[in-house]
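Visitor: Questions regarding the structure given below will be posed in turn.
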């Protein structure tokens with residue numbers, strides 16, 4: 001019945017920064033989500049003033065692909081307070097290497113970039129097969145740039161990959177105030193963002209982040 005139709009989630013896909021091909025990656029992320037009717041998508045690039053209050057108020061979900069750069073206090077407060085109010089943040093790959101001088105942003109994401117080995121094929125292992133984001137998934141291969149991260153041990157790690165014999169997180173979830181954060185370390189370039197497993201994790205992570213917590 002028409003009255004029971006769920007409204008699409010107002011979603012901002014935001015790309016920008018330096019180093020990475022933010023235009024190619026941002027468009028790949030947008031295209032990956034465009035096929036899903038659950039999202040009402042808007043795409044923007046570079047203008048960090050969108051993070052200032054009330055710039056994010058029209059949205060319930062932010063998909064963030066950005067690298068390094070600097071964030072002002074007004075931009076930082078707008079973003080962090082928006083998430084904490086009960087909104088949803090999805091950080092992709094270099095979102096963990098943004099705003100290096102801002103510890104509050106790093107705390108919200110749950111970790112930050114330290115280094116990476118060469119772009120290569122590597123195996124990802126599922127750490128929590130019972131989580132809805134990972135449901136039905138087993139170990140899988142990706143061709144991507146592996147991020148080695150310094151991260152808050154309180155994040156909920158869903159998938160890992162080995163680096164020098166140590167399991168490093170690839171996917172995690174966490175809370176920020178009343179909001180939810182999903183971080184996906186995959187997605188260095190448009191080819192990596194076009195892999196089916198990337199698109200599956202992005203879609204599931206975005207839905208999980210935007211879903212209200214059960215009462």
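The values are calculated or read from the model by the stated rules, or taken from the named source; none is laboratory data. Not measured: the values here are computed from a predicted model. Note that each Cβ is placed from the backbone with ideal geometry, even for glycine, and that neighbours are counted across all protein chains shown.
Visitor: Restricting the search to region 18-32, which residues are crowded, with 17+ Cβ neighbours inside 10 Å and touching a helix residue (DSSP H, G or I) at 6+ places or on another chain (Cβ under 7 Å)?
Guide: 20, 25, 28, 29, 32
Visitor: Does region 49-59 include one or more residues that are in contact with a helix residue (DSSP H, G or I) (Cβ under 6 Å, 6 or more places away or on another chain), surrounded by fewer than 16 Cβ atoms within 10 Å (Cβ to Cβ) and outside any strand (DSSP E or B)?
Guide: Among the residues of region 49-59, at least one is in contact with a helix residue (DSSP H, G or I) (Cβ under 6 Å, 6 or more places away or on another chain), surrounded by fewer than 16 Cβ atoms within 10 Å (Cβ to Cβ) and outside any strand (DSSP E or B), which makes the answer yes.
Visitor: Taking interchain pairs and intrachain pairs at least six residues apart, which have beta carbon atoms under 9 angstrom, with the first residue in region 52-64 and closer than 11 Å to residue 206 by Cβ and the second in a loop (DSSP other than H, G, I, E, B)?
Guide: Pairs found: 60/86; 60/87; 61/87; 62/56; 62/87.
Visitor: Could you please find all residues in region 25-49 being farther than 17 Å from residue 59 by Cβ and within 16 Å of the chain's Cα centre (by Cα)?
Guide: Residues satisfying the conditions are 25, 27, 28, 31, 32.
Visitor: Now for a different question. Given the residues 201, 137, 207, 162, which is the only one that is touching a helix residue (DSSP H, G or I) at 6+ places or on another chain (Cβ under 9 Å) and either under 23 Å from residue 67 (Cα atoms) or modelled with pLDDT of 95 or more (or both)?
Guide: 137
Visitor: Tell me which residues, restricted to region 69-120, are surrounded by 15 or more Cβ atoms within 10 Å (Cβ to Cβ), free of Cβ contacts under 8 Å to residues at least 60 places away in the same chain and assigned to a strand (DSSP E or B).
Guide: Hits for region 69-120 are 112, 113.
Visitor: Here's something else I'd like to know. For region 194-215, which positions are out of contact with any strand residue (DSSP E or B) (no Cβ under 7 Å at 6 or more places or on another chain) and farther than 16 Å from residue 141 by Cβ?
Guide: 203, 204, 207, 211, 212, 213, 214, 215 - these are the residues of region 194-215 that are out of contact with any strand residue (DSSP E or B) (no Cβ under 7 Å at 6 or more places or on another chain) and farther than 16 Å from residue 141 by Cβ.
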